[in-house]
Amino acid sequence: MASSAPSVALYLRVSTEEQDLVGQERDLRSFAESQGWTVTAAYREKVSGTGRMEREEYDHLRRDAIRPDRGWDTLLVWSLDRFSREERYDRAVGSVLDMEKGGVRFASFKEPYLSTPDPEDANAGFARNLLLGVVTSVAAFESRRKSERVRVAMREIREGRRPTRSGKPPGRPRRVTPEKAARIMELRPQGLKWREVAGRVGLPAGTCASVWSKARKGRA
C-alpha cells in the first residue's frame, strides 16, 4: 500500500437476510485502522451477487467512483466475490482494473495479493501482474473448455448418441404435427370459423390459417 494515509470507502455485501453485515464491517474497519486509513464512506447491501437482483449500492459505488469529489481514494472490500457480480474470475478482476484506471486504489481484506500495489514497490507490482496474468489465462482456458464440452454434448444429442436430461428430443417441440395439419384440412371445409378450428386442434387461429393456406398452395 502507499505510504500516505488514504481515505477509504468500504463496500460490504452479504447474500441473504440471514447474514449480518456487522461482523464484516467490524473486520474491515479494524483493518483500515491498523493501516492508518480513514474510513469516509460505506456502501452496504444484502443481496445475491448472481445478477438476478439489482444491486443499488454497488451501482451507487460505481457512479461515485468516477466523481472527482467522491471523498475517498481507496476501496476496501471483504473479498473479490463480495465486490464483483461477475461469475468469471477474469471479468471480476477486470472490474477492479477498470476502477484503478479511474484513479481508485483497490484493497481486498481476504485477498491482499489482489490489492493495488504501492507504485514505489516494483516487486509487488510485478508479482501482482504475474498472478493476474496466470489467473485470467486459466479462466479463459476453462471457459473455452466448457464451451467445447457443451458443443460436443449438443452434437451427440442431435445425432442421437446421448439422451437429454429430460429424455425428450432436443429443441422446441413441433406445434403443428401431421395429425393436427390433417385435422385442420378436415375441419375448415365444414364451414367452421378459424377460432373454432383452433379450439378443436389446440393451435392459434393464425397458425391454423397458415397451415390451410400453405396446403392449398401446395395443391395448386
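Subtract the Cα-Cα distance of SER15 and ARG162 from 0.36 nm times their separation in residues, and report this length gain in nm to one decimal.
49.2 nm
Using only protein heavy atoms and a 1.4 Å probe, report how much of THR177 is accessible, in Å² to the nearest 10.
The accessible area comes out at roughly 40 Å².
Tell me the label-point distance for the pair GLU100, TYR113, using the 7 Å Cα-to-Cβ offset, in nm and rounded to one decimal.
About 1.5 nm separates the two model spin labels.
Per-residue HN-Hα couplings for the stretch 195-209, Karplus 6.51 cos²θ - 1.76 cosθ + 1.60 at θ = phi - 60°, whole Hz, x for Gly and Pro?
Calculated HN-Hα couplings, in order: 5, 6, 4, 4, x, 7, 9, x, 10, x, 4, x, 5, 4, 5 Hz.
If I model a spin label at VAL150 and ILE66 as a point 7 Å from the Cα along the Cα→Cβ vector, what separation in nanometres do I get?
Rounded to a tenth, the inter-label distance reads 2.9 nm.
Taking a cut-off of 30 Å between Cα atoms, list the lysines near LYS180, but don't count ones fewer than 8 places away on the same chain.
LYS168, LYS193, LYS214, LYS217
Can you send over the solvent-accessible area of LEU75, 1.4 Å probe, protein chains only, in Å² to the nearest 10?
About 0 Å², ignoring ligands and nucleic acids.
Using 13 Å as the cut-off for backbone N distance, which residues of the stretch 178-195 belong to the label zone defined by a point 7 Å from the Cα of ALA215 along Cα→Cβ?
Of the residues in the stretch 178-195, 178-192 have backbone N under 13 Å from the label point off ALA215.
The values are calculated or read from the model by the stated rules, or taken from the named source; none is laboratory data. Here the structure is a predicted model, which is why all the values come from computation and not from measurement. Positions of Cβ are generated from backbone atoms using ideal geometry, with glycine treated the same way; all protein chains shown enter the neighbour counts. For the accessible areas, the whole protein counts, side chains as well, though only heavy atoms, and no ligand, DNA or RNA atoms are used. Shrake-Rupley method; radii C 1.70, N 1.55, O 1.52, S 1.80 Å.
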